[in-house]
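A.B. asks: Below you will find the structure I want to go over with you.
The values are calculated or read from the model by the stated rules, or taken from the named source; none is laboratory data. Just so we're clear, the structure is a prediction, and the values are computed from it rather than from any experiment. Every residue, glycine among them, receives a Cβ derived from its backbone with ideal geometry; neighbour counts consider all protein chains shown. Each accessible area value is taken on the protein alone, full model and side chains, heavy atoms only, with ligands, DNA and RNA left out. Shrake-Rupley method; radii C 1.70, N 1.55, O 1.52, S 1.80 Å.
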Amino acid sequence: MRGARPDPTPGRAARLDRHPGRTPRTGPWRRAALLLATVLSVLAAAPARAAFDLDALTHLLAQRHSAQARFTEERFVSGLDGPLRASGTLSFTAPDHFTRRTLEPQAESMSVDGNTVTLTRGGRTRRMALDAVPQLTALMEAVRATLSGDGAALRRHFKARVEGNPGLWTLTLTPRRTELGEQVRELTIAGQGSELRTIELWLAGGDHSLMLLTPVPATPDAAPK
């Protein structure tokens with residue numbers, strides 16, 4: 001009797017760290033690592049099916065015309081012993097209205113409506129044109145285009161890679177333009193269904209940030225406070 005044939009497809013270890021040499025931190029970083037690990041394990045175990053690519057993801061995201069979420073953020077900056085932490089709320093209304101309200105450690109807000117940016121801090125308000133700062137334009141377009149499901153806008157500024165499935169996915173964006181690439185290395189957005197759950201930004205110099213999102217149900221009385 002012939003012996004059992006060896007399995008020709010040995011298991012694959014999911015890589016959590018896209019940047020060798022850096023160890024995920026505790027707290028938000030651990031939760032983000034668990035989410036990414038789950039995405040990769042589901043991808044590895046899933047049977048063959050229709051490709052879930054950028055077009056499929058943006059079609060899914062475009063079903064929602066508004067979104068609200070609470071956020072916590074950690075920013076790791078060279079020269080500082082620990083992370084800079086912030087928390088607050090995000091809101092988006094299609095096609096291009098986005099607001100970030102920071103509640104801690106200091107109250108401030110940034111509202112982007114079309115090409116107009118409004119900054120409010122310490123009782124003072126300043127307005128500026130978004131396209132006056134090309135780098136900010138590209139990053140804001142990455143967030144707004146993802147929220148609105150605008151694949152053309154994403155492709156205009158970034159090379160996009162999608163992994164996972166409609167229930168659990170990651171979108172990795174790398175800049176197309178050299179000017180932006182000199183400042184931004186990579187932007188990774190992870191989500192479940194049509195909801196964004198994490199936004200991770202790596203700058204070219206090594207500084208990075210991680211934002212965790214908790215969606216707020218879309219009801220008339222559910223605006224974040």
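A.B. asks: What would the Debye equation give as log₁₀ I(q)/I(0) for the stretch 118-198 at q = 0.13, 0.23, 0.24, 0.26 Å⁻¹, counting only Cα atoms as equal point scatterers?
C.D. replies: The calculated log intensity ratios at q = 0.13, 0.23, 0.24, 0.26 Å⁻¹ are -0.47, -1.07, -1.12, -1.23.
A.B. asks: While we're here: Suppose each label sits 7 Å from its Cα in the direction of the beta carbon; what would the Glu182-Arg161 distance come out to in nanometres?
C.D. replies: Inter-label distance under the simple model: 2.5 nm.
A.B. asks: Taking the Cα of Leu84, stepping 7 Å toward and past its beta carbon, and measuring to each backbone N in the stretch 159-183: which are under 18 Å?
C.D. replies: Once the point is set 7 Å along Cα→Cβ of Leu84, 183 turn out to lie under 18 Å by backbone N, inside the stretch 159-183.
A.B. asks: Hey, any idea what % of the stretch 146-225's accessible area is carbon plus sulfur with a 1.4 Å probe?
C.D. replies: 49 percent
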